[in-house]
Amino acid sequence: MAQPTTQIERRGTEEQRAIRDSVRELCRDFPDTYWRKVDKDEEYPQAFVEALTRSGYLAALIPEEYGGAGMGITDASIILEEINRSGGNSGACHAQMYTMGVVLRHGSEEQKRRYLPGIARGELRLQAFAVTEPNAGSETTKIQTRAVRQGDRYIVNGQKIFISRVKHSDLMLLLARTTPYDEVREKTQGISVFVLDLRNVKGKLDVQPLDLMINHHTSTVFFEDVEIPAENLIGEEGRGFSYIIDGWNAERILIAAESVGDGRWFIDRAVSYGSERVVFDKPIGANQGIQFPIAQAYAHIEAADLMRFDAAAKFDRKEKCGAEANMAKLLASEAAWEAANICLTTYGGYGFARDYDVERKFRETRLLSIAPVSNNLVLAFLGNKVLGLPKSY
Ligand SMILES: Cc1cc2nc3c(=O)[nH]c(=O)nc-3n(C[C@H](O)[C@H](O)[C@H](O)COP(=O)(O)OP(=O)(O)OC[C@H]3O[C@@H](n4cnc5c(N)ncnc54)[C@H](O)[C@@H]3O)c2cc1C
């Protein structure tokens, strides 16, 4: 189905518009039928991720000195937006973009040389980021997975849940407690970040795939005496929580952009179908019960997109952007969900038929309000850190 390109969508510099066009071109090789099959068969979109890697776009944020494209967050966000806009799902690979930021900002020069050029060349995948645990979801500081130093290695025991892409990754970024919660003065202390090489695990690593609403290759991971060489500790022991917080703004901006991409996809589909489908002798899109909610969702998506570009520009200028990044993520994921709902309403019963892709995108876009961070926690951040209201978390 043709995708109308609005003037509004051409935000960004000339170079950024060229990135948009080029990613759009790449995505044309992966039409609805590709994503539909991958979803139905619960496959990993291997061919797509390989094409994206070959194009260099997956290494967008890796600096040129380590073999990457050295792009900014605005550029990277356009890449992910276009993937979702085309009907695809960036969730298959987006984590690599923000996960490697922890290595880039806090890793030693030796670690950067060891991992980043391989990731940029597509020989290494750093797609798994293990934070969430059954007893520590939104409350990350309550993680119980322990890494205990023994000589030149750490021994890891514990359990992670909802860890995506483990089976499609060579490396995992792992958050573990090196000092137990009740032995630290500040709850954010005593947490460390490691790179775990999944190709050569010593000890027992048990990966149990979860059966979820969407095709996300997400698993529970059990660690039993898993060994990690001490040289794979990122930065200083006990400071890992601050390292991952550093990456949150980038993550939120990228998720906002994916949401904008989804939102525009839903609007396109709703407009096309609403203009074509005739009931009671007129196109259903002429009815205000259909037309106005589409127009409303469209306005919300475009407003969220402005916030996303504002947050991204501030991030690229290295200015403070916590408020903007969180608002962009909140507004864009809500607008995408609003567009998903009106798109499904517009399609009526056909919205439930797999062949129209609306139900797939509907399921996929719902995730963006919950993961990688729930919108309630985004609101809690805005309420407390931006507005100064009492803390609830
Ligand atoms: C498909 C999928 C993929 C994922 N991939 C990864 C991954 O790769 N790596 C990883 O580490 N994690 C991953 N996650 C986990 C995800 O980040 C968490 O599910 C999410 O952060 C919420 O944690 P939780 O599910 O434990 O919810 P909980 O923390 O149990 O919270 C439940 C609900 O209560 C709300 N709540 C909690 N406290 C407050 C409060 N103070 N005020 C208001 N509301 C509150 C939450 O916002 C949420 O809506 C994934 C999850 C899914 C579903």
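The values are calculated or read from the model by the stated rules, or taken from the named source; none is laboratory data. For clarity, every value in this text was computed on a predicted model and none was experimentally measured. For neighbour counting, all protein chains shown are included, and Cβ atoms are generated from backbone atoms with ideal geometry for every residue, glycine included. To get the accessible areas, we keep the full protein, side chains included, count just its heavy atoms, and leave off ligands, DNA and RNA. Shrake-Rupley method; radii C 1.70, N 1.55, O 1.52, S 1.80 Å.
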Given a 10 angstrom Cα cut-off, can you work out which residue in 215, 376, 341 is the most mobile in a GNM of the chain?
376
First compute the accessible area of the chain with a 1.4 Å probe, then give the percent of it belonging to carbon and sulfur atoms.
51
What pairs in 142/204; 142/167; 112/318; 160/318; 160/187 have C-alpha atoms more than 30 Å from each other?
160/318
Could you check which residue among 141, 13, 346 shows the biggest mean-square fluctuation in a GNM of the chain with a 10 Å Cα cutoff?
13
Ordering 68-79, 97-108, 296-307 by per-residue average of other C-beta atoms within 10 angstrom, highest first, gives 68-79, 97-108, 296-307
Quick one: which residues, 5+ away or cross-chain, put their amide H under 5 Å from the amide H of residue 153? H built at 1.01 Å from N.
230
Tell me which aspartates and glutamates have Cα within less than 17 Å of residue 361's Cα, excluding those fewer than 8 residues away on the same chain?
32, 39, 41, 42, 43, 81, 82, 258, 262, 268, 334, 338
Per-residue ellipticity at 222 nm attributable to helices in the chain (runs of n ≥ 4 DSSP H, -39500 (n - 2.57) apiece, nearest 500 deg cm²/dmol) works out to -15000 deg cm²/dmol
Counting only DSSP beta bridges with both residues in the chain, what percent are antiparallel, rounded to the nearest 5?
85
When a/c reaches 1.5 or more, the comparison of a/b and b/c decides; with that in mind, is the stretch 188-326 rounded, prolate or oblate per its Cα gyration tensor?
oblate
Could you tell me which helices of the chain pass both thresholds, a Cα extent of 15 Å or more along their own axis and a mean Kyte-Doolittle hydropathy of at least 1.0, with helices taken as whole DSSP H runs?
none
Beyond 31 Å, the calculated P(r) of the chain holds a percent of Cα-Cα pairs equal to 37
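When ligands, DNA and RNA are left out and all protein chains stay put, how many square angstrom of accessible area per residue does the stretch 329-375 have with a 1.4 Å probe?
So the stretch 329-375 comes to 37 Å² accessible per residue, rounded to a whole number.
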With a 1.4 Å probe and all protein chains left in place, how much accessible area per residue does the stretch 36-194 have, in Å²?
37
Going by average Cβ neighbours within 10 Å, how do the peptides 356-364, 151-159 rank, with the highest at the top?
356-364, 151-159
Among 84, 287, 326, whose mean-square fluctuation peaks in a Gaussian network model of the chain (Cα, cutoff 10 Å)?
287
